[in-house]
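What follows is one structure encoded as structure tokens, with my remarks underneath.
Bear in mind these aren't lab numbers, they're just calculated from the coordinates by the rules spelled out. What you are looking at is a predicted structure, and each value in this text was computed from that prediction instead of being measured. Quick reminder, even Gly has a Cβ in these numbers, built from the backbone with ideal geometry, and neighbours come from all protein chains shown.
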Amino acid sequence: MSDTDLTALRLSYTRAELRRTDLNADPLAQFQGWLDEAIADGLRESYALSLATADSAGRPSVRTVLLRGADARGLTFYTNYDSHKGRDLAGNPQAELLFHWADHERQVRAFGPVERVSDEESTAYFHARPRESQLAAHASDPQSAPIADRAELEQKLADLEAHFPEHLPVPKPDFWGGFRVRVQEWEFWQGRPNRMHDRFRYARQEGGWSIERLMP
Ligand SMILES: Cc1cc2nc3c(=O)[nH]c(=O)nc-3n(C[C@H](O)[C@H](O)[C@H](O)COP(=O)(O)O)c2cc1C
């Protein structure tokens, strides 16, 4: 067991503050501004997020995925539809997303119903990925199922490499594609000294967004 006294580890957040007047009326623009700052400052995988889902009985699960699109329709990531998360979302199509940019002392939460990205859009993104990733998507199916050992996985990949001629595009498997979270609620959190953090929640209303400050 680690000897580290976890209760002694703490940071005071002093980098920035977030005032009501700083907020963009459009939460997507607010999010894009923070994401752009994280990317510009070279924060590692600043477009990675925690994706929380729950099955139809309410059992939660969470994992990291990569953000692959953010526009007025919502936030998009790609995965295997038969994976644990894919099955959760089939039975209970809502999710919460979490970005944590530790070096910026910021987190963003986004909640909403989830829909599948169109097959055309998923296919276009699939073909934009490196060939090795395309083959790996075929090999890792069903994603999240147990596999005997690493050798079995590598043999599957080798078989697929031989199966798909090198000069032809790898077809997108039907079981692979995007999900889009149509965000209904956003929360922007900026760390402040002494746990007096700034938090604002946007909630979608008829024709716009309400904004409230939340207790830290
Ligand atoms: C930084 C990072 C990025 C990841 N990006 C993705 C992704 O975009 N899509 C994906 O399906 N899995 C991604 N994964 C793997 C998932 O975290 C997870 O292990 C996998 O999707 C299976 O999750 P599930 O069993 O809950 O469905 C990523 C993992 C890490 C650590």
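Couple of notes before you dig in:
- Alpha carbon convex hull of segment 125-216, projected area averaged over orientations, nm²: 11.1
- The gain in end-to-end length when the H127 to R213 segment is fully stretched comes to 26.7 nm, 0.36 nm per residue minus the alpha carbon separation.
- Full-stretch length increase - A162, S61 - with 0.36 nm per residue and alpha-carbon distance subtracted: 32.8 nm
- Between helix 119-128 and the chain: long-axis angle, C-alpha atoms, 0 to 90°, nearest 10: 80
- Considering only Cα atoms, the convex hull volume of the chain works out to 180 Å³ per residue.
- Folded to 0 to 90 degrees: helix 27-40 orientation relative to the chain principal axis, Cα: 80
- Cα gyration tensor, segment 81-164 - rounded (a/c under 1.5), prolate or oblate: prolate
- Between helix 150-163 and the chain: long-axis angle, C-alpha atoms, 0 to 90°, nearest 10: 60
- Mean Cα-pair separation over length for the chain, i.e. relative contact order, pairs under 8 Å, 6 or more apart, %: 24
- Rounded to whole numbers, the Karplus 3J(HN,Hα) couplings from phi for segment 67-84 are 6, 10, x, 8, 8, 4, 6, x, 10, 10, 9, 10, 6, 9, 5, 8, 6, 3 Hz, using 6.51 cos²θ - 1.76 cosθ + 1.60 with θ = phi - 60°, and x at Gly and Pro.
- Taking label positions 7 Å along the Cα-Cβ direction at both H100 and L9, the computed distance is 1.1 nm, reported to one decimal.
- Ordering of 11-24, 177-190, 94-107 by packing [mean C-beta count within 10 Å, highest first]: 177-190, 94-107, 11-24
- Stretching Y47 away from A72 to a fully extended chain increases their span by 7.3 nm, per 0.36 nm per residue minus the current alpha-carbon distance.
- Each peptide in 111-118, 124-131 was scored by the mean count of other Cβ atoms within 10 Å over its residues; highest first, the order is 111-118, 124-131.
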